[in-house]
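Reading through the structure tokens given below for one structure.
The values are calculated or read from the model by the stated rules, or taken from the named source; none is laboratory data. As the structure is a prediction and not an experimental result, all values here were calculated from the model. Heads up, the Cβs are rebuilt from the backbone with ideal geometry, glycines too, and the neighbour counts pull from every protein chain shown. These area figures cover heavy atoms from the full protein model, side chains too; ligands, DNA and RNA do not enter into them. Shrake-Rupley method; radii C 1.70, N 1.55, O 1.52, S 1.80 Å.
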Amino acid sequence: MTRQDLNDNWMLREAPLDCTAEQSGWISRQETGWFEGLTLPCDVHQPLIVAGRIKDPVLADYSDDAAWVEQRSWWFRRLIRPETGWTDCDTVELVLESLDVHADIFFNGRWLGHQASAHVPFRADVRPWLHDGDNELLIRLTSGLETVCDADLAELDFAVSTEAGNGCPERGDKRRACVRKPTYVYGWDWCPRIGTCGIVKPAWLEYHRSLAIRAVSVETRQIRAVDGRCEADLHIVADIDNLNLLATADADAAVHVSCGDDEAIAVQTDLLLRSGLNQIAFDLTVQDARIWWPNGMGEQPLYTVAVNLSHEGRTVAFPPFAVGLRLIRLDTSRQDDQRRRFRLVVNGVPMFCKGADWIPADSIYARVTPEKYAALIRQAQLAHFNMLRIWGGGLYEQDAFYEACDRAGILVWQDMMFSCAAYPDHRDDFRALVWREFDHQTKKLRNHACLALFCGNNENHWIYGRRLRELLTQDRQYGLYTANAMLPDILSKNAPWIPYWNSSPYGGSEPNDPAVGDIHYWREAMMNPDMLRRIDPRQYDQIDAAFVSEYGYPGPPVRRSVERYFDGHPVERGGKIWQKHTNTFEKLTVEAGIRRHFTDRPLDLDGYLLYAGLVQGLMLGYSLEALRFKARCGGALFWMYNDCWGEIGWTIVDSFVRRKIAYHAVRRALMPVRLILRRSGGQIVVMGCNDSQNAVTMNLETGWITYDGQTRRTTGNPVTLPAQSRELLVRFDEDMPEAGGLYMAWPGEVSGEATVIPAFLLDTPYRELALCPPRAVIRDERDEGPDRLVTVQAETFVAAAWLDSDPDLDLDDNFFALLPGESRTVRVSGGAGQPAILRMAQVDPLP
């Protein structure tokens, strides 16, 4: 196979929505009115922004002025000159990887077909109509909702979530349940309505002669230790298409597996291929295998797999791809009479999944670059994530996302693209469309080392299960059929080694049952009508679930990002732009949290951004530690990691890939080796978490210290924290003097290269503590290459200290609390030669 990319030299023209496919000839003849020189991926908003027709709709309130884009038809055009020798090919296949969303495709005036899903490629053999010289490819696209009739919607509209009940009727459209595209683009609590439309992934021609390798799967079946080394058994299956409909074909097949420049194993075999599809299996054993581990648990070596055929003196090659040698399974074994586990076991080791939920990285998702994916995944890796959950209202991401996760050791929980709605999966056309989607996506994603779990949908079983219970039948399941029957069947054929879960949350007597499966922890805390429960981190100590896959707390980005999305308008708190860029569930929670934990003084913009970020960090940091503390819990994923536009909302990395203040609290909570304190039965319990492959020994000092550091009562405890473990290390009695102080665990000399920071118990709001004024100093600062190393030491307890630096610089820690006498060294990447400025937050005691 040879491949001819078609990603450049596109033209785009708009027309009324009623300019239908029947008018393609007229559109083709138009010589003016075209945007020219476009590159794929391309959403129609992009050339409109460049041309000044609209302003970028993710900024200010400009999305209101771009709403008309949904009400037009959009025509993409490109001229194609075929490669030399195309006449010798059996097929020349046009592949359009993703069209958003309703598309009619014409080639040299001939209608090739209609595409109604952005989640599956359009593929057609154009050889019969191809000729030398210029060939015209013309594509009509619409955003899709206009195809949904009232009768279709009437079946479902009582069970499709929108933001109308949250005071934003413009966000959400119930017709989205009938359209197979990223549905967040019609608005969610965390994003505006920007109805996307375009050719949103690459396009190409494939030239096939005699044989075509359609797909290759790689399964790691066994890993075993032999004489201190590892061996890995691989099962590789190639789907080979003999294009001769009448005759068999002889071919030699070769499979090469290599790691870097070192070839691990190669096999060759003689094949007799029948007409049509042939599935050819290869079983290989890799000696001295290098095993892939999630981030923090080991390294992430990647092997390259190449499959080639030799036939009649020609070579047919499948594009080489990377795999990681690893085993993964979902452990749902019984824990007691009522409860079951829900945890991933990687290479035989039970793991605690640490991370967050991922949403598309831009409201105009076609313009997310590989560089932005790499930057976002790198920030997750540095925050010690080992998992991201791709939420079901977005999209199956570009290859660059999964490849970055493979390299970084970030496991992916992959929702299928169904969220917060009932769906018409009783209709044959809808089932057929979704079947193609599932078949394609499971084959496309199955070889990624990062792919840990497929999940049928987001919240459909939970939100609407009870409401639909009286209506559900085997013939009409309102979207549950795709998750309960269709996807398990497809996975059993395409990727039976990848764990599957029907929905999130799901399990037990009702979805969201803490006894079984995963839960979303919203109604008990952040979305509780009682404000005090929303802003109290101790609510997360009450969780007794096997896995928490959603919960969250909102906070703002840094000032530079706020000013960027205000786009030159004055930053007016409470104004139209401010409200538009504030999450619909915030509901004054941020200011209430500031008053509860830090101050009730009137705050200017900088004060608001500071204290709001500190509270978000306090809430997320405490909650992650609370869940990591619980031996029963197999994972904690907060909502959410990244943004598609700038807002006061759930994330810790904003849409400009800048860290929010809370990022640093999350990073500390998820450190590979971490100490966590909690109360239990009149005692203080110290939990040790060690994700690494090495045991960690330390002389652990436990006890209490007063806020001013003048009194300290502790005992030393030599402890060893085994590799890849969570263990209770020390218990000691509560004996705090009336004057108050903090229970703490202070690691002495630590073995190896592990970094372990002191920990303290904070289960009372700062404002209720008798804190003394914070005192800390910079003890040392020096340059190390391009970086600046700054050591801060506290004289008293400091609730929040930070280095006031450029928000685009990378600091490996910031906005941290310090115990009296504790020091922290911060690396400021790229900060050489810049003197550090230390600041500390003031906590105002309650009157």
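Brief remarks on what is shown
- Modelled label reach - Asp733, point 7 Å along Cα→Cβ, region 684-705 residues with backbone N closer than 19 Å: 684-686, 702-705
- Charge tally around Gly508: other residues with Cβ under 11 Å, Lys/Arg +1 each, Asp/Glu -1 each, net -1.
- Value of D in µm² per second that Stokes-Einstein yields for the chain, Kirkwood Rh from Cα pairs, at 20 °C (1.002 mPa s): 74 µm²/s
- The distance linking region 470-517 with region 422-468 is 9 Å (Cα centroid to Cα centroid, whole angstrom).
- With 0.36 nm allotted per residue and the present C-alpha distance subtracted, the Leu471-Gln693 stretch has 74.8 nm of extension available.
- Separation of alpha-carbon centers, region 600-669 and region 352-370, rounded to whole Å: 16 Å
- Label zone of Thr315 (point 7 Å out along Cα→Cβ, amide N under 15 Å): in region 264-286 this covers 267-268.
- Net lengthening on full extension, Asp134/Asp288 (0.36 nm per residue, minus Cα-Cα): 50.2 nm
- Once the chain from Leu246 to Leu382 is taken as fully extended at 0.36 nm per residue, the excess over their C-alpha distance is 43.3 nm.
- If R0 is taken as 35 Å, the Cβ-Cβ distance between Ser751 and Glu524 corresponds to a FRET efficiency of 0.30.
- Neighbour net charge for Glu163 - beta-carbon separation under 14 angstrom, K R +1, D E -1: +1
- Of the cross-linked pairs Lys372/Lys444; Lys630/Lys660; Lys55/Lys576; Lys372/Lys587; Lys181/Lys201; Lys354/Lys443, those separated by over 19 Å at the C-alpha level are Lys372/Lys444; Lys630/Lys660; Lys372/Lys587; Lys354/Lys443.
- A 1.4 Å probe run over the protein chains yields, for the chain, 38 Å² of accessible area per residue, whole-number rounding.
- With Cα atoms, 0 to 90° folded angle of helix 370-382 axis to the chain main axis: 30 degrees
- Tilt relative to the chain, helix 399-408 - C-alpha long axis, 0 to 90 degrees, to 10: 40 degrees
- Near Gly195, no amide H atom lies under 5 Å from its own; only residues 5 or more places off or on other chains count, and H is placed 1.01 Å from N.
- Rounded to the nearest 0.05, the FRET efficiency derived from the C-beta distance between Asp812 and Glu371 at R0 = 25 Å is 0.70.
- Summed residue charge, Cβ within 10 Å of Gly634's Cβ, Lys/Arg positive, Asp/Glu negative: +2
- Under the Karplus curve 6.51 cos²θ - 1.76 cosθ + 1.60, θ = phi - 60°, whole-Hz ³J(HN,Hα) for region 746-757, x wherever Gly or Pro sits: 10, x, x, 4, 10, 6, x, 9, 5, 9, 10, 9
- Using a Förster distance of 51 Å, the FRET efficiency for Asp331-Glu36 (Cβ separation, nearest 0.05): 0.35
- Rounded percent of accessible protein surface that carbon and sulfur make up, region 48-195, 1.4 Å probe: 47 percent
- The fraction of accessible area contributed by carbon and sulfur in region 580-709 is 49 percent, rounded to a whole number (1.4 Å probe; ligands and nucleic acids excluded).
- Measuring nothing but how far apart in sequence close Cα pairs (under 8 Å, 6+ apart) lie, relative to its length, the chain scores a relative contact order of 9 percent.
- Protection proxy ranking, peptides 562-572, 295-305, 214-224, 261-271, average beta carbon neighbours within 10 Å, highest first: 295-305, 214-224, 562-572, 261-271
- Note, ³J(HN,Hα) from phi for region 438-453, Karplus 6.51, -1.76, 1.60, rounded to Hz, x at Gly and Pro: 5, 4, 5, 5, 5, 5, 5, 9, 5, 8, 6, 4, 6, 6, 9, 6
- For peptides 732-744, 795-807, 701-713, sequence by mean Cβ density within 10 Å, most packed first: 795-807, 701-713, 732-744
- Region 114-190-region 236-308 distance, computed between alpha-carbon centres (Å): 37 Å
- Most to least packed among 351-358, 479-486, 227-234 [average Cβ atoms within 10 Å]: 351-358, 479-486, 227-234
- Taking label points 7 Å from Cα along the Cα-to-Cβ direction, Leu79 and Lys493 give a separation of 4.3 nm.
- Computed label-point distance, nm, for sites Arg214 and Ile837 using a 7 Å Cα→Cβ extension: 6.3 nm
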